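In what follows, a structure is listed as structure tokens, so that the remarks can point back to it.
The values are calculated or read from the model by the stated rules, or taken from the named source; none is laboratory data. Nothing here was measured: the structure is a model prediction, and the numbers come from that model. Reconstructed Cβ throughout: ideal geometry from the backbone, glycine too, with neighbour counts over all protein chains shown.
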Amino acid sequence: MPTYHPALTAWLRTHHGVVSRRRLLSLGVTPDQLAAMLRSGELLLIWEGVYRHAVWPDTFLSSCAALCAADPTLMICCGGAARMWSYRRCSALDLHVTGTGTGLRITGGPLHHRCPVMPPHHVHQRSDGIRLTSPARTVFDLAKHLPPGDLESVIEQGLRRSQFDVPTLYGVGALLCRRGRAGSSNFANVLSSRPLWRRPVDSHAELALGKALHTAGVRLEPHVSLTLANGQTVHPDLGDPLVGFYVEIDDHEWHGGRLDATYDLQRDRQARLVGARIERVSTDEIALMPASLIASLVAAYHQQRTLSLTRG
């Protein structure tokens, strides 16, 4: 029969149902009570000395909490850290763990990396007992799993969220990039190719379209300011203020309502009154990226550029 321990219950509620043997004893559970809870199935053995209460489901977060409880030198990295930081382009990556090599070796679980260089500021400790690599360190670790375009997208996402800045990433690279180390070349190349002054883009679609247009000779910057005829200041996804040409990227999952469409029409009308041109592109088009899309946007840009020159 399950035994009620108020202190244990409070702990389980905030730690995804996971508890270590050491924590159980410190909460007042005796060795005999622990043995009885294991025999009855109330506690399930996950790792040596780490348990999950049967009432709590086996989830991604409970797995992470159990790994961290099994060895205090371990932390979640790579795909697992990317998932907790909600980084895009990483859904196919697996949960890995990393450590300095001074703790246990997890066998039969996720891939275990050993890294002797793990400064305290590279580790993020959550209140639920989960340790994971910091945002900037996670980006470096992802460099060995992601192609350059996806890694650049993650960097832009982190910059947009103010999770790190470019100097912080350079600091991580200076500490960790080494000849022959997986991901070092990819991380260095992607980071060095990004201008320090460029504002971060808001989505992978913006990044992909901006790069495609840049290759075609049209350089647009993200989230530049545009003052409409009614005095409102807006920030289109991409634009060239000198020419007055802007691109808005509409995601059908977010931009499908009648009110959104009406607002967009009104805003575009106000933009035309000040001589600006806004082209709207859907994320579905960008996913396919047909040559005709880029060609039409390039032609529209040059049309607007010619008009801007004639206006003086």
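Scanning the stretch 135-190 for residues that are outside any helix (DSSP H, G or I) and surrounded by fewer than 16 Cβ atoms within 10 Å (Cβ to Cβ) gives Pro147, Arg161, Ser162, Asp165, Arg178, Arg179, Gly180, Arg181, Ala182.
State which residue pairs qualify: first residue over 26 Å from Arg52 (Cα atoms) and inside the stretch 114-143, second residue part of a loop (DSSP other than H, G, I, E, B) and hydrophobic (A, V, I, L, M, F, W, C) in any location, beta carbons under 7 Å apart, and separation of 6 or more residues or different chains. Listed by first residue and then by second, the contacts come to Pro135/Trp85; Pro135/Phe164; Ala136/Phe164; Thr138/Trp85; Leu142/Cys90. In the stretch 284-302 there is at least one residue matching the filter, namely being farther than 15 Å from Ile249 by Cβ and not in a helix (DSSP H, G or I).
Only residues that are assigned to a loop (DSSP other than H, G, I, E, B) and without any contact (Cβ under 8 Å) to a residue 24 or more places away in the chain were counted across the stretch 81-97, and they come to 4. Can you confirm whether the stretch 196-218 contains a residue that is touching a Pro at 6+ places or on another chain (Cβ under 8 Å), crowded, with 19+ Cβ neighbours inside 10 Å and in a loop (DSSP other than H, G, I, E, B)? Yes, because at least one residue in the stretch 196-218 is touching a Pro at 6+ places or on another chain (Cβ under 8 Å), crowded, with 19+ Cβ neighbours inside 10 Å and in a loop (DSSP other than H, G, I, E, B).
Residue by residue, here is whether (1) buried (at least 16 other Cβ atoms within 10 Å of the Cβ); (2) closer than 17 Å to Arg199 by Cβ holds:
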site	(1), (2)
Val234	yes, yes
Leu242	no, yes
Ala261	no, no
Ala287	no, no
Val298	no, no
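Exactly one residue among Cys64, Cys77 is closer than 30 Å to Ser153 by Cα, modelled with pLDDT of 95 or more, in the same structural domain as Leu142 (by TED's automatic domain parsing) and not polar (S, T, N, Q), and that residue is Cys77.
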